[in-house]
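Bear in mind these aren't lab numbers, they're just calculated from the coordinates by the rules spelled out. These numbers come from a predicted model, not from an experiment. Ideal geometry is used to build each Cβ from the backbone, glycine not excepted, and the neighbour counts take in all protein chains shown.
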Amino acid sequence: MDKEILLANIDKVHTTEMGFVRIKKNLKLDINDIVQYCKNKVLDKNCNIYKQGKNWYCEIDNIVITINSYSYTIITAHNLKNEKIKLY
């Protein structure tokens, strides 16, 4: 299955400084290890992981985490409750 590729490469997952700020703001998080927070969400057995185009989308606990499938960079994360449409 496609998602096994992401899970097998979880150690490569990272973000940029801008990504860090964007994720922290979007999810209203008061933690410093944003990458580990996102990795824990992705690794959760209840996480719905799917690939669309060049990105992985990881949905869990009413959030969606977007990860570039080539660089394993966490691009952004959003709260689905605040979104008007769900990303599929």
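As for the range 66-81, it holds no residue that is touching a strand residue (DSSP E or B) at 6+ places or on another chain (Cβ under 6 Å) and among the charged types (D, E, K, R). Checking the stated criteria, CYS47 turns out to be farther than 15 Å from THR73 by Cα and surrounded by 15 or more Cβ atoms within 10 Å (Cβ to Cβ).
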